[in-house]
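Worksheet: one structure, shown below.
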Amino acid sequence: MHAIRARHAASAFRRLTPSWNRQQGIRLPLTLAHLPLTCRQLSSGSFQGTSVSIESFAEVQAELLEGATFGDYPSRTHKCGDLNKTHVGEQVVLTGWAQNIRKFSDELIFLPLRDHSGTVQLVLKGSEEGKDGARKRLQDLTAESVICVEGRVVKREGSAVNPKMATGEIEVDLASIRVLNKTHKTLPFLPSNQSLANEEIRLKYRCLDLRRDTLQRNIRTRSLAAWVIRDYFIQNDFVEVETPMLFKSTPEGAREFVVPTRNSGSFYALPQSPQQYKQLLMASGIDRYFQIAKCFRDEDLRADRQPEFTQIDLEVSFGSAKDIQTLVEGLVRSVWHKIKGVDLFDGEPFPRMNYQLAMSKIQHVVDITGDSILEAIVLKSDMKLPSSDLKALSQQDNRVLPVVKISEKNIQTWLHKLPFTERIQGSINEDMVNAALDVQIGDSVILNTRPAFLSGGQTVLGKVRLELASKLQAKGLLQIPSAQYNFLWIEGFPLFSPPETPSPVENDGRKLAATHHPFTAPVAEDLPLLASSPEKVRGQHYDLVLNGVEIGGGSIRIHSPKLQTYVFEKILQMTPEESGRFSHLVDALSFGCPPHGGLALGFDRMMAILCETASIRDVIAFPKSASGRDLVVGSPSGLTEQQLKEYRIRVTE
Ligand code: ASP
């Protein structure tokens, strides 16, 4: 079966592979002009790929003779970055990526050699004949070529010592050099370049970008964190279970990616999370489950979202919300201890906050008729944002929020001039509001009205606050200490919220959607409200927030098949076809499923915070671009006519 698949793939590949163009390089920038031209870097966007065309096997052999060796070279004895004064006098074998050579004369050539541990300086000194081969190879070397060298560690003397380099007190006196794989003459960019190429180019040529120190560190830190996580779970009696990637389309909440099969009309769907399988595992007697799981959601992409992402997923039988939170706190503590050397909250439980309070942290100004309130963010006068930035901030959700610049003239009247003034309940008094909000001349006030009772999502001013913080941070007006880790549990979310698209037609007239997912259990004391006012029922859901960013969420689940069916059919108003898609779950609940609950942490986001980077793409080896494309392989991509036929797919405009 594999042979057939390989043959099929090979022929499809031939048909699809475009002919690649060879592209001429440009000259090195002037600052490097004193160096021999070792490798040319192209301006962003102009690299078209390398072209390899082979006429005969002789060419392949020639390349092998030149250095593309397979194992017939000595094994490395040290990593480049590990060498220091204690190794002086030792013979070493090093492997790594050649950097730009610096040639002072035929008798003095320097070559920095880099591997993931650091960079060490190699030096070829003297004119002995035995060194001719090495000298020639060095001079022909292109940057980022892979080499294996032998030499002796020597101490650097006097001004040759480089205090900026971790290995700056030594260098390696080169005896021999093997070029294991020479780079193409032109590279899209050099990973060692201080000024970064644009992100699209770096995403496309990811293997070059991943060689950069920062990304090396991030990917290695991620691996370490995954190891700590597994260790913690195993120590706490959890079982790691892999759940299927080829799942089924179910109306769980997010839009799914579907996978066609060759059976007409039959599709798999990729899991938006292992939620249903992990609940099935609870019914199966795996009472503590975990998985570092891939999840897929075909949703609008935001800066910190990927269509394919990783969750640290767990589920526990017979555990209360508090038990699960304690386990998660222990997990997070272990990770932070190992990666950051920090003891979070000195072992005390993480603080908690009620959802309604968390959402109202922006200053409340006055109540407005019709169950609404007026909220404000005050931007102090020393936070000097250009008016164009303020204007951009005020444009939210196709509306323009009022922004009032407080001056001597309007400080006593500004509230009276706002469009909703007539709807304000009771009399308004600027003096009181100014005192309560600490409004002074020169400040700017951004305002919004919103429903008093909140159900799910983010408030408009909540969004403004985040955008404002990042603008102020970018301008150096706001410092958010990176080593400050404010964890917080948010609880008391409404179990159901109005659907995201309020159009009754698109919602088939449904009035409520699950705030998180349809399996979350209601708070016991709110159960009587389920039939009469479901929108008032709170869920047993908890979110874990770190420095204002949600990094995880979970809940106690419904384990009663009757209640689950009631929620599907009567509250969420699923059609019999839709609720029937969950029959496996309802069956499992009816076969003696213990009470259970769990949580999932966003591993990518957590790693971005641990690695102190704003972009989750910096902690994922092969991330999708902002538009959801894998620029390395060029996906998503088309299929051949033959493939489309096999899958009975007709592509329309
Ligand atoms: N499956 C949920 C999610 O992906 C997390 C959970 O409830 O455990 O958000």
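Computed from the coordinates by the stated procedures, all read-outs in this text should not be read as laboratory data. Because the structure is predicted, anything quoted here is derived from the model rather than measured. Counting neighbours? That spans all protein chains shown, and the Cβs are built from the backbone with ideal geometry, glycine included.
Structure above, values below:
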item	result
Simple label model, 7 Å out from Cα along Cβ direction - LYS248 to LEU529, nm	3.4
The stretch 181-308: C-alpha pair distances exceeding 19 Å, %	68
R0 of 30 Å, Cβ-Cβ distance SER159-ASN84: FRET efficiency to nearest 0.05	0.95
Globularity index of the stretch 268-323, i.e. its alpha-carbon radius of gyration over 2.2 N^0.38 Å	1.32
Largest-first ellipsoid semi-axes for the stretch 126-206, taking √(5λ) over the Cα gyration tensor eigenvalues, angstrom	29, 20, 10
Quotient of Cα Rg and 2.2 N^0.38 Å for the stretch 297-350, N being how many residues it contains	1.50
Whole-angstrom gap from the stretch 547-584 to the stretch 203-248, using each part's C-alpha centre	29
Subset of LYS85/LYS185; LYS103/LYS204; LYS248/LYS278 violating a 25 Å alpha-carbon distance limit	LYS85/LYS185; LYS103/LYS204
Net charge of neighbours whose Cβ lies under 15 Å from the Cβ of ASP237, counting Lys and Arg as +1 and Asp and Glu as -1	-3
Estimated FRET transfer efficiency (GLU240, VAL549; beta-carbon r; R0 30 Å; 0.05)	0.65
The chain: DSSP helices with Cα axial extent of at least 30 Å and average Kyte-Doolittle hydropathy no lower than -1.0	213-235
Theoretical gain in end-to-end length, ARG220 to SER195 [0.36 nm per residue, Cα-Cα removed]	6.7 nm
Charge sum, other residues only, whose C-beta stays under 9 Å from ALA175's C-beta, Lys/Arg counted +1 and Asp/Glu -1	0
Theoretical gain in end-to-end length, LEU357 to LEU64 [0.36 nm per residue, Cα-Cα removed]	98.7 nm
Tail beyond 18 Å, pair distance distribution of the stretch 374-462 (Cα, percent)	47
Under the Debye formula (equal points on every Cα, no solvent term), log10 I(q)/I(0) of the chain at q = 0.05, 0.09, 0.11 Å⁻¹	-0.34, -1.00, -1.27
Against the rule of thumb 2.2 N^0.38 Å, how large the Cα Rg of the stretch 514-635 comes out	1.38
Proximal lysines to LYS536, defined as alpha-carbon separation beneath 17 angstrom and excluding residues fewer than eight positions away on the same chain	LYS511, LYS570
Cα-based shape type of the stretch 295-409, given that a ≥ b ≥ c are square roots of the gyration tensor eigenvalues and the cut on a/c is 1.5	prolate
Net +/- balance of residues flanking LEU108 in space, Cβ distance below 10 Å, scoring K and R +1, D and E -1	+1
Descending semi-axes in whole angstrom, ellipsoid equivalent of the stretch 145-192, from the Cα gyration tensor	26, 17, 7
Mean separation of Cα contacts under 8 Å, 6 or more apart, over the residue count of the stretch 280-437: relative contact order %	13
Estimated FRET transfer efficiency (GLN91, ALA166; beta-carbon r; R0 22 Å; 0.05)	0.55
Candidate lysines for bridging to LYS475, where Cα separation is under 22 Å - those fewer than 8 sequence places away on the same chain excluded	LYS380, LYS384, LYS391, LYS405, LYS463
Share antiparallel - DSSP beta bridges, the chain, percent rounded to 5	90
Cα pair distances in the stretch 555-596, grouped into 10 Å bins until the bin that holds the longest one, percent each	31, 55, 14
Given LYS322/LYS562; LYS136/LYS182; LYS131/LYS164, the pairs whose alpha carbons are separated by over 21 Å	LYS322/LYS562; LYS131/LYS164
THR640 versus LYS417: modelled label distance in nm, points set 7 Å from Cα along the beta carbon direction	7.1
Contact order normalised by residue count of the stretch 120-201, Cα under 8 Å, 6+ apart, percent	38
Likely footprinting exposure, GLU578, GLU408, fewest C-beta neighbours within 10 Å first	GLU408, GLU578
Rh by Kirkwood over Cα pairs, then Stokes-Einstein D for the stretch 78-148 at 1.567 mPa s and 4 °C, µm²/s	102
Potential lengthening between SER560 and ASP304 on full extension [0.36 nm per residue; Cα-Cα distance subtracted]	88.6 nm
Per DSSP, loop GluC sites (Glu not before Pro) in the stretch 137-208 with at most 10 further Cβ within 10 Å	GLU157
Cβ-placed point charges (K, R +1; D, E -1), dipole of the chain about Cα centre in debye, nearest 20	1540
Segments 227-233, 411-417 sorted - mean Cβ within 10 Å per residue, highest first	227-233, 411-417
